[in-house]
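Bear in mind these aren't lab numbers, they're just calculated from the coordinates by the rules spelled out. Bear in mind the structure is a predicted one, so any value in this text is a computation, not a measurement. Virtual Cβ from ideal backbone geometry, glycine too; neighbours counted across all protein chains shown.
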Amino acid sequence: MVRDPTGWMKVEYDKLVQDHLDWKIRELQGPSAPKAKVDGVEVIMLCSNNYLNLSNHPKLKEAAMKAIKTHGVGSGSVRAIAGTMDLHLELERRLAKFKGAEASLTYSAGFTANEGLIPTLVDDGDAIVSDELNHGSIIDGVRLTKAKRFVYKHRDMADLDRVLSEVEKDNPRRILIITDGVFSMDGDIAPLDKIAKAGKEHGAMIYVDDAHGEAVLGKGGRGIVSHFNLTHKDVQFEMGTFSKAFGVMGGHVSGSRDMVNYALNKSRSWLLSASHPPATAAACIAAIDVLETEEKWVKTLWENREYFVKRLTGMGYNIGNSQTPIVPAMVGDSAKAVDLSEGLYKEGILALPIVFPMVARDKARIRNMMNSGLTKAQLDQAIAAYEKVGKKLHII
Ligand SMILES: Cc1ncc(COP(=O)(O)O)c(C=O)c1O
């Protein structure tokens, strides 16, 4: 019998549907905003990473439109050939200053930063030490190296020490310790100060992915290195993204000038993929302008987080280990988490369930993402919906 070359895809997809593991894609009809139109329904948005609502800030929009007028809509090349515009270089200078680093390098996305940079740092004869709950883009970056992999229990410093002793038995040439800054499923923070201290004792490199701490943690949103009062001598790779709280798109890494010189010559995702359109680079620069001059956005984000957490926990919800504007409502059972999300949607609240295999089978939850653009009235509406549906489903 002649093979059906792609018939297996339908078989696999049908299985996902049968197991309720397929993604049902929603259509956003307009901007990603605290109040948004999704599939024809006006909802309060509790699942966007646009923490500061900067994607709708007039200064970012104006900067993007102006850059189209002056620089066109595309960059025409990869950065290394003819795709480095003055805007890309200005963005890197401004980001480095914002981060208190010697230099910064931008990538097309956070994912491609991890995928492109990690494999340049370690190879055969080296070791990577990774938190067990690190993001998929880190895992893919790690998979592209020949370094030996070691995993420590989530945020467990005793286990990190144990793993580092294990690593030393191989006498590796280099050691890379890598962690998310804020873990996106639980909203808890990596103890980066302790990780840096443990790493120093072994001469290890420290790499933090601050995608969810960017413009959220630290002085004026300067990120996790600032949050722990560390420097880029302690944490040599502060990686992040412009696609969440910055409200735009793009990955980046900050640290020493030597690191940036090396990384741009070696990262395949930097060398072999086109640079950002001018509008994207200009909007990212404007986001830094806003963060440097309008402190209220980060402040309001945290106020909204406290307001929401107080009321949600007050009515009996468990928010797990959340320490940040990522606030899970723990449910346990996957089917119940799906029912809660659907019930909330009927009340005009968009908050999505996180179920197996994204989290353990008994750790299903609704993940709420706070936003500085949410009004108290909108938060109250969300809280009222949580109370009504949670009681109906006997979650609270
Ligand atoms: C921890 C973490 N790292 C990296 C990324 C990827 O960032 P980007 O969307 O810019 O590719 C994400 C986004 O989901 C993330 O949560």
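Positive end of the dipole of the chain (Cβ unit charges, origin at the Cα centre): among Val43, Ile396, Asn321, the Cα lying farthest that way belongs to Val43.
Note that segment 68-79 has calculated 3J(HN,Hα) couplings of 5, 5, 8, 10, x, 9, x, 9, x, 6, 6, 4 Hz, one per residue in order, obtained from phi through the Karplus relation 6.51 cos²θ - 1.76 cosθ + 1.60 (θ = phi - 60°); glycine and proline are x.
Other residues whose C-beta falls under 12 angstrom from the C-beta of Pro328 contribute a net charge of +1, scoring Lys and Arg +1 and Asp and Glu -1. Converting phi to 3J(HN,Hα) with the Karplus coefficients 6.51, -1.76 and 1.60 and the offset θ = phi - 60°, segment 320-337 yields x, 9, 4, 10, 9, x, 8, 10, x, 9, 6, 10, x, 6, 4, 4, 5, 5 Hz in sequence order, with x at every glycine or proline. For the chain, the Cα gyration tensor yields ellipsoid semi-axes of 33, 27, 23 Å (square root of five times each eigenvalue, largest first, whole Å).
In straight-distance terms, cross-link reach from Lys10 covers every one of the aspartates and glutamates whose alpha-carbon lies under 19 Å from its own, apart from those fewer than eight places away in the same chain; here that gives Asp19, Asp22. Selection among Asn304, Ser165, Ser269 by position relative to the dipole of segment 165-306 gives Ser269 as farthest towards the positive end (Cβ unit charges, Cα centre). Proximity of backbone amide H atoms, modeled 1.01 Å from N, is registered between Gly250 and Gly110, Phe242, Ser243 at under 5 Å, excluding neighbours fewer than 5 places apart on the same chain.
Note on Asp156, Asp19: ascending count of other Cβ atoms within 10 Å places them as Asp19, Asp156, the fewest first. Quarter the surface of the alpha carbon convex hull of segment 184-302 and you get the mean projected area, 8.4 square nanometres. Nearest 5 is fine: what % of DSSP beta bridges in the chain come out antiparallel, could you say? Beta bridges within the chain, antiparallel portion: roughly 55 percent. With the dipole of the chain worked out from charges on the C-beta (+1 for Lys and Arg, -1 for Asp and Glu) around the Cα centre, which of Ser104, Ala279, Ile128 lies farthest toward the positive end? Value: Ala279. With loop membership from DSSP and a limit of 16 other Cβ atoms within 10 Å, the longest segment of the chain without trypsin sites (Lys or Arg not before Pro) is 234-360. Sequence-ordered 3J(HN,Hα) estimates for segment 166-181 from the Karplus curve with 6.51, -1.76 and 1.60 and θ = phi - 60° stand at 4, 4, 4, 4, 7, 6, x, 5, 10, 10, 10, 9, 10, 8, 5, x Hz, glycine and proline given as x.
Once backbone amide H atoms are built at 1.01 Å from N, Ile396 has Lys391 as its partners under 5 Å, excluding neighbours fewer than 5 places away on the same chain. For Lys35, the aspartates and glutamates whose Cα falls under 16 Å of its own Cα, not counting residues fewer than eight places away in the same chain, are Glu27, Glu347, Asp380. Taking each of Lys194/Lys219; Lys219/Lys266; Lys37/Lys392; Lys153/Lys266; Lys97/Lys244 in turn, the alpha-carbon distance tops 23 angstrom for Lys219/Lys266; Lys37/Lys392; Lys153/Lys266.
When exposed loop sites are taken as GluC sites (Glu not before Pro) in a DSSP loop with at most 13 other Cβ atoms within 10 Å, the longest stretch of the chain clear of them is 133-294. Sorted fewest first by neighbouring Cβ atoms within 10 angstrom, Val235, Val359 come out as Val359, Val235.
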